[in-house]
Amino acid sequence: MTADEVHAGPGVHNAMSGAAQSVVQAGSIGSVVFAFGRQGAEPVTPYQLPWPPSSFVGREGELAALDLALADTGSASLWVVSGTAGVGKTALVLHWAHRAANRFPDGILYANLRGFADSTPRAEPGEVLDTFLEALGRSAEPRAVDSVEARAAEFRSALHGRRMLIVLDDVATAHQVRPLLPGATTVAVVVTSRNSLPGLRVREGGKLVSLSPLSPDEAVALLARIVDDGRVSGDTASAAELVSLCDSLPLPLLVAAQRLVSMSHLSIADLVEELRDERDRLDLLQTDETATTVRAVFSMSYRALDPEASRVFRLMGLQHGGDIGFDAIAALTGLRRARLRNALESLGHASLVEMTGPGRYRLHDLLRLFARECADAEETAGNRTQAVRAMLDYYLGQALAAGRRLAPHRRLLPQPVPGGGVDFDDRESAFTWCALEQANLVAEVRYAAGAGEEAIAWQLAAAMGAYFHQRKPWSAWIETHETGLRAAQEIGDNAGMATLLGNLAIAYRELRRRDEAEACFRDALALWEQEGDLTVRLWSAPATAMLAVNGKGSMRDSTTHSGA
């Protein structure tokens, strides 16, 4: 057929001779696909999986979940393996796919879609389709294809009746995946992504495997598998701390392990000592390849966020405790609740923030360090200070509100402070809030005392006095009050010092540390008298009498009006 005959328009006529297997005749075709097959050719069986991970441990639950993809050969199987950067998504899927390869007799297709690549553009669906079609034996004869849809249809036809696996690695969006999905229910598809791809799961029925960091035991086993010279088994305590400093994430663990392998004189304790300094930790967990540098892989996820979600992420790095409540994040960011909820959902889908409970969120330590770096680089010093102060004010207001509910007749602070928290409905909700926030409050007292916020440091410690007195978390009680006392002394706040000394006296007394209790009581009384506070008249007599009790009396009466 000549070119003129192809484009002859309505007067198309047959211009072929000889035998033909299948012929399609049409007056006009807008998108033409020429598929010239070879008569009698054997079907091509591609096997495109990259090299399997050399070190792999654990993940038994996730491997079992992926095995469900093989359980029902009569239904479509689409799995999304999601998790934060460096958690080992690709390693898990490659390990599983190599293990299960014999269950896919017609082949395995693999493509890296470069969803979060640093220096190369994302792979477009049309590009991947062309690669897959060629792997399936499409002829290299000339062809004219106008759309991704046409190639996707050809791809689905090529897969019909085959028992295959498709692995789509490092996916950014559902848009990258949809044209690559088979029509055949005999083909399983596994997607890895830092995003949880909720649209793909809702519309296409994908099942989610959410990948968390390794367990501490698994992480130590991974470390020992790479550093096999006895250093791990010879110092299990340092190995456990190294795992903790790496958040049990496989990528930073692998970087740390390779550092130990390349420096045989370096002990695990030495490396741990280097990593303890948060300022240097991300610098130490880097290699000469961007794809295996912890800071770089975090950065790829961060840059994919919308502006509001990225701001929430970096400001969350300014918090100093463990997980953080929704209301504290609202104070930190200044966002209205609906907008904040949307931003946190985006961070959750991007696996940058973990939801630890209803309304509570957490950044893994390495992500928190990275978020703080982003805040230092992208927020002014004034913005950072304002955000942290707003969060501290929130904590102080809520701690005082909880104290009022737990001990309504007790004066927690010598003088009222501006603002205030939302009142709690009952004692149980006040206790619950204090217990959830205890670690954060301890950390924020410590931070405030060293950051020029001495007044809020001692007030925050004192505000927790009612909770401490009733639930008696001794370590938190004494640490916050000793830290707060030093802060009050720094700014010469006698009322603050007296309040905290009274509280410390109670703690020491109940711990049977009689000499320290007596010293704190006497110093507190002297300060109250110096201040001329009338409360001392109600407090001094029972307190002084209590000093005479030889380790057996109760101090409850002496603290009712103490401000302790």
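Just so you know, all these numbers are worked out from the coordinates, no wet-lab data involved. Source: prediction; values computed, not measured. FYI the Cβ positions are ideal-geometry reconstructions off the backbone, even for glycines, and counts take in every protein chain you see.
Which order do the peptides 507-514, 368-375 come out in when sorted by mean C-beta neighbours inside 10 angstrom, highest first?
Working: 507-514: 17.2, 368-375: 21.1.
Put in order of decreasing packing, that is 368-375, 507-514.
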Under 5 Å between amide H atoms, partner at least 5 residues away or on a different chain: which partners does residue 110 have, H built in plane at 1.01 Å?
48, 167
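Direction-averaged shadow area of the convex hull around the Cα atoms of region 216-294, nm²?
Numbers: hull surface 18.5 nm².
Result: 4.6 nm².
Answer rounded, prolate or oblate for region 460-528, using the Cα gyration tensor with square roots of eigenvalues a ≥ b ≥ c: rounded when a/c is under 1.5, else prolate when a/b is larger than b/c, else oblate.
Values: a/c = 1.90, a/b = 1.20, b/c = 1.58.
Because a/c hits 1.5 or more and a/b fails to exceed b/c, region 460-528 counts as oblate.
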Taking the alpha-carbon set of region 380-559, what are its Rg and Dmax in Å?
15.9, 56
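If you count, for each residue, the other Cβ atoms within 10 Å and average over each peptide, how do 234-241, 178-185, 397-404, 416-423 line up from highest to lowest? List each step's numbers first, then the result.
Details: 234-241: 15.6, 178-185: 17.8, 397-404: 22.6, 416-423: 12.2.
Listed from highest to lowest mean packing, they are 397-404, 178-185, 234-241, 416-423.
For region 200-249, state the average projected area of the convex hull of the C-alpha atoms over all orientations, rounded to one decimal in nm².
Details: hull surface 17.5 nm².
For region 200-249, averaging the hull's shadow over all directions gives 4.4 nm².
Looking at the calculated P(r) for region 283-341, what percent of the C-alpha pair distances fall above 14 Å?
On the way: 1059 of 1711 pairs.
The share of Cα pairs beyond 14 Å in region 283-341 comes to 62 percent.
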Per the charge dipole of region 380-559 (beta-carbon charges, Lys/Arg positive, Asp/Glu negative, Cα centre), the residue among 388, 475, 456 reaching farthest to the positive end is 475
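Over the residues of region 60-210, compute the C-alpha Rg and express it relative to 2.2 N^0.38 Å.
Working: Rg = 14.9 Å, N = 151, 2.2 N^0.38 = 14.8 Å.
Against the empirical 2.2 N^0.38 Å value, I get 1.00 for region 60-210.
If you count, for each residue, the other Cβ atoms within 10 Å and average over each peptide, how do 54-65, 478-489 line up from highest to lowest? If you can, show how the numbers build up before the last one.
Numbers: 54-65: 15.5, 478-489: 22.5.
Ranking, from highest mean packing down: 478-489, 54-65.
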